[in-house]
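Worksheet: one structure, shown below.
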Amino acid sequence: MSISSSYHGAITQESLWTRFINWCTDQEEKKMLWLAIGLAGHGCVITILTLLAIMLSGNPVILWPFAMAAMASCLIVNLAALPTKITIPVFFFSVLIDLVIIGICISNGINMNSIFA
């Protein structure tokens, strides 16, 4: 009498979000680099470009709180010294918000006279 059994192991595939969060966790040793990118890169470059785009597109007041909230969220998580699995996704989300704002401003039209008027 012979008994045969076959093992059918389940193939598990990590989702894209899980792989991204695992990568963010692995970046913990480079936390100071991400802090510098979040504060200096976002605060001194991306936010300034976003605000310039807002001003050049006729200064729609509704876009200002979104631009400030994007910068504030990045600033708060970095100053709170949260782990990189939180700070990196918040940074990318805030950059996405800024890019959407810039896209809205470009679709509204850029006018150089709107700054000086």
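The values are calculated or read from the model by the stated rules, or taken from the named source; none is laboratory data. Keep in mind it's a predicted model, so treat the numbers as computed, not measured. Note that each Cβ is placed from the backbone with ideal geometry, even for glycine, and that neighbours are counted across all protein chains shown.
Might you let me know whether region 92-105 holds any residue that is loosely packed, with under 15 Cβ neighbours inside 10 Å, modelled with pLDDT of 90 or more and either of a type in the set (Lys, Arg) or more than 13 Å from the chain's Cα centre (by Cα) (or both)? Yes.
Going by the conditions given, is Asn111 in contact (Cβ under 8 Å) with a residue 12 or more places away in the chain, of a type outside the set (Asp, Glu) and either at positive phi or not in a helix (DSSP H, G or I) (or both)?
On the way: in contact (Cβ under 8 Å) with a residue 12 or more places away in the chain: yes; of a type outside the set (Asp, Glu): yes; either at positive phi or not in a helix (DSSP H, G or I) (or both): yes.
Yes.
Residues being in a loop (DSSP other than H, G, I, E, B) and either among the basic types (Lys, Arg) or at pLDDT below 90 (or both) are represented in region 15-32 by at least one member.
One residue alone among Ala81, Ala70 is at pLDDT below 90 and within 25 Å of Thr25 (Cβ to Cβ), and that residue is Ala81. Can you find a residue in region 3-24 that is of a type in the set (Ser, Thr, Tyr), surrounded by 10 or more Cβ atoms within 10 Å (Cβ to Cβ) and touching a residue at least 12 places away in the same chain (Cβ under 8 Å)? No. Scanning region 49-65 for residues that are touching a helix residue (DSSP H, G or I) at 6+ places or on another chain (Cβ under 6 Å) and under 30 Å from Thr25 (Cα atoms) gives a single hit, Thr50.
One line per residue, one yes/no per condition, for (1) outside any helix (DSSP H, G or I); (2) under 24 Å from Thr18 (Cα atoms); (3) among the hydroxyl-bearing types (Ser, Thr, Tyr):
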residue	(1), (2), (3)
Gly38	no, yes, no
His42	no, no, no
Thr47	no, no, yes
Ala53	no, no, no
Val61	yes, no, no
Val77	no, yes, no
Leu82	yes, yes, no
Phe91	no, yes, no
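So, in region 66-91, of the ones that are buried (at least 20 other Cβ atoms within 10 Å of the Cβ) and touching a Lys or Arg at 6+ places or on another chain (Cβ under 9 Å), which residue ends up farthest from His42 (Cα to Cα)? Of everything passing the filter in region 66-91, Thr84 is farthest from His42 (Cα to Cα).
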